[in-house]
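Notes follow once the structure below has been shown.
The values are calculated or read from the model by the stated rules, or taken from the named source; none is laboratory data. Please read these numbers as outputs of a predicted model, since none were measured by experiment. All Cβ positions, even for glycine, are placed from backbone atoms using ideal geometry, and neighbour counts span all protein chains on display.
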Amino acid sequence: MKRFILALLTGAVVLATGVHATDMNKTIRVAFPVDVTGFDPAATSDLYSAHIDNAIFGNLWEQDYYIRPVRFRPFLAESMPEISADGLTWKVQLKKGLFFSDDPVFKGRKREATATDLIYSWKRLLDPKIISPKASEISGKLIGTDALVAEAKKTGKFDYDKAIEGLVALDRYTVQMKLVKPAYTLIELMQQYAWSPVAREVIEAYRDAGGRAMGNPVGVGPYMIKQWLKGSKIVLTRNPNFNSALFPTEGEADDAETLAKYKGQTLPLVGNIDVSIIEEANPRLLSFKSGTLDYEFVGQDLIGNVVQGGKLVADYADKGIRHQRAVESAISYDYFNMEDPIVGGYTPEKIALRRAIIMAYPTEQSLKTLWRNQAIAANQIIPPTQTGHVANKPNLNAYDVELANALLDRFGYKDIDGDGFRETADGKPLVITRSSTPRATDREQDELWKKAFDSIKIKVQYNNQKWPDLIKQARAKQLQFWSLGWISDGTDGDSFVGLLYSKNSGQSNFANFNVKQYDDLYEQAQTLPLGPQRWALYRTMNEIATVNSAWYPGVFRYQNVLTQPWLLNYKRNPYRQHFWHLMDIDESKRVKG
């Protein structure tokens, strides 16, 4: 597609000269199906917390909203990082005049973000006490960080004041990073909110016993927290100290009118974000249909009521509602806890048990009844949106109940006591505990898994709890078998293969998978640029995961988005759902009431 470039009047942009466009009388209204787990950028990784943290803490660079294929543009950073020819030295410079949102901790003064705040933020990812799900993104990459972490584990306290060669403030705004070896995925990792600056005095004022400040976010991003009613509502409002970014200047040909309209305007455009927590899909869709919500991601359970024959039904189309559909950069999968005494382990009989369970699950039926034809079967870890995905890969653990039963028989899982269900080879009870939330779609999936377990004569029981509680238990390695999703805001498959890297155990590696060959390949891939050599390693890693059957890979989902006619500037992004600071509302078209 032809790209459109909106010329600026001058080569350099002085942010202070931008038009202050934020309209505090406007509100974007959306809904989440679950509440956030908290707001500490070093401690959160779930999708919904990430949406809020992106808005509060901002990003050093972000995906250029209107450009396809996706590329980055500086946001909090003055420019994209300066990288040496050998890839070992990086320089990141913050924009001048980035101020944290006001907070009593600052005692009435404006607090500017500096290089020191960046270094503190990045060190927090390494602090063993915090157990950051982002630790693997920086661990082992910078000179001196391993020694710092080792010392913290020994003494029980992370020394944030200790200087290391790998992280140096060259001046008030510039950080120099010295890498142990090239790390080509850093450019994508560092766009995430976890790499944005935080103020040390804020963390120290609000942190809990684990070093996490989950309830009092203070960032330099376009929005700040106004209200959080747990389980009910999150309200964001414009950070009045934010004046650091202008509306994008480049896009595709059909974006020309929008780019011209908002040329030179400071962000955000809309002053308030109102997020309602509505767990069930039907009430969310009804809220959208009534005009209460400005856009909605419609799940597989209801999309058939909205789109038929590839088109919006008249009830929606006549209102001027728009629909977009595409495969997400995500996977929905089920994992086994590899440290669990029943389903875990790497011996042949444990692998056979997991493989039999996977083969018993009726994937094709689930695509029709659970996913309503809004997903495709996943035969690998990496989604088709990412580099490293293998097209037309055969499924080695395809649905086959007869083979699953034969496999269990062969490895000694038989009905010893005559109750119609299998026991372990040594006669102990064999009961699988599957965790899920009380949501309707999870109940549907639970029923399919019950059918699968019944077909191979294995007892199953359920642990039904709220999403935030399950996340905590998963990180504590307390769940035996659970289904969840992973979405990437980058273009490479790295973050997906990283889900089975052993050093991410207790963080994003919920399966606690630990295979040396896999780890060695993952670490080797980190040193290679994005390209065929790297992706060949991904393929081998995928085969190792398949053979060990730590996951039922599940599905790659389609994302269906409905937008109201008064929501302006919404352009679906393959890797991130919400760009609130770039959206606008035409109040003249909004449904009143």
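Output the residue which, of all residues in segment 397-410 that are surrounded by fewer than 18 Cβ atoms within 10 Å (Cβ to Cβ) and touching a residue at least 40 places away in the same chain (Cβ under 8 Å), is farthest from Asp301 (Cα to Cα). If you could, list the steps in order and put the result at the bottom.
Initially, segment 397-410 is screened for residues surrounded by fewer than 18 Cβ atoms within 10 Å (Cβ to Cβ), giving 398, 400-403, 406, 409-410.
Then drop every residue that is not touching a residue at least 40 places away in the same chain (Cβ under 8 Å), which leaves 400-401, 403, 410.
Details: Asp400: 26, Val401: 26, Leu403: 31, Arg410: 39 Å.
Top of the filtered list is Arg410.
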Report summary line: Looking across segment 320-376 at residues that are assigned to a strand (DSSP E or B) and β-branched (Val, Ile, Thr), the single one that is nearest to Lys477 (Cα to Cα) is Ile331
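Please verify whether segment 439-455 includes one or more residues that are in contact with a helix residue (DSSP H, G or I) (Cβ under 6 Å, 6 or more places away or on another chain) and assigned to a loop (DSSP other than H, G, I, E, B). Break it down stepwise before answering.
First, the residues of segment 439-455 that are in contact with a helix residue (DSSP H, G or I) (Cβ under 6 Å, 6 or more places away or on another chain): 448, 452, 455.
Next cut, assigned to a loop (DSSP other than H, G, I, E, B) only: none.
Scanning segment 439-455 turns up no residue that is in contact with a helix residue (DSSP H, G or I) (Cβ under 6 Å, 6 or more places away or on another chain) and assigned to a loop (DSSP other than H, G, I, E, B).
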Report summary line: When restricted to Gly231, Gly251, the only residue part of a loop (DSSP other than H, G, I, E, B) and in contact with a strand residue (DSSP E or B) (Cβ under 7 Å, 6 or more places away or on another chain) is Gly231
Query raised in the report: Are there any pairs, at least 6 apart or on different chains, whose C-beta atoms fall under 6 Å, with the first in segment 560-571 and surrounded by fewer than 16 Cβ atoms within 10 Å (Cβ to Cβ) and the second assigned to a loop (DSSP other than H, G, I, E, B), and if so, which?
Result: Pro565/Gly320; Pro565/Lys589
Report summary line: When every residue in segment 559-593 that is part of a loop (DSSP other than H, G, I, E, B) and among the charged types (D, E, K, R) is compared, the one modelled with the highest pLDDT is Asp586
Query raised in the report: Looking at this structure, is Ser101 among the polar types (S, T, N, Q) and part of a loop (DSSP other than H, G, I, E, B)?
Result: yes
Requested in this report: Can you tell me which residue within segment 204-230, out of those that are free of Cβ contacts under 8 Å to residues at least 12 places away in the same chain and of a type in the set (A, V, I, L, M, F, W, C), is nearest to Lys129 (Cα to Cα)?
Outcome: Ala209
Query raised in the report: Within segment 18-33, is there a residue that is part of a loop (DSSP other than H, G, I, E, B), at pLDDT 90 or above and farther than 23 Å from Arg590 by Cα?
Result: yes
**Report entry** Selected residue (criterion: surrounded by the fewest Cβ atoms within 10 Å (Cβ to Cβ)) from residues of segment 53-79 that are more than 24 Å from Asn272 (Cβ to Cβ), in contact (Cβ under 8 Å) with a residue 60 or more places away in the chain and among the hydrophobic types (A, V, I, L, M, F, W, C)
**Finding:** Val70
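Can you pull out the residues in segment 34-55 that are assigned to a helix (DSSP H, G or I), in contact with a Gly (Cβ under 9 Å, 6 or more places away or on another chain) and under 15 Å from Met224 (Cβ atoms)?
Of the residues in segment 34-55, the ones assigned to a helix (DSSP H, G or I) are 47-55.
Applying the additional criterion that residues be in contact with a Gly (Cβ under 9 Å, 6 or more places away or on another chain) yields 47, 49, 53-55.
Matches in segment 34-55: Asp53, Asn54, Ala55.
Inside segment 503-558, can you point out the residues that are in a loop (DSSP other than H, G, I, E, B) and over 26 Å from Ala476 (Cα atoms)? Steps first, answer last, please.
Of all residues in segment 503-558, those in a loop (DSSP other than H, G, I, E, B) come to 506-508, 510-515, 527-531, 549-550.
The answer is Thr527, Leu528, Pro529, Leu530, Gly531.
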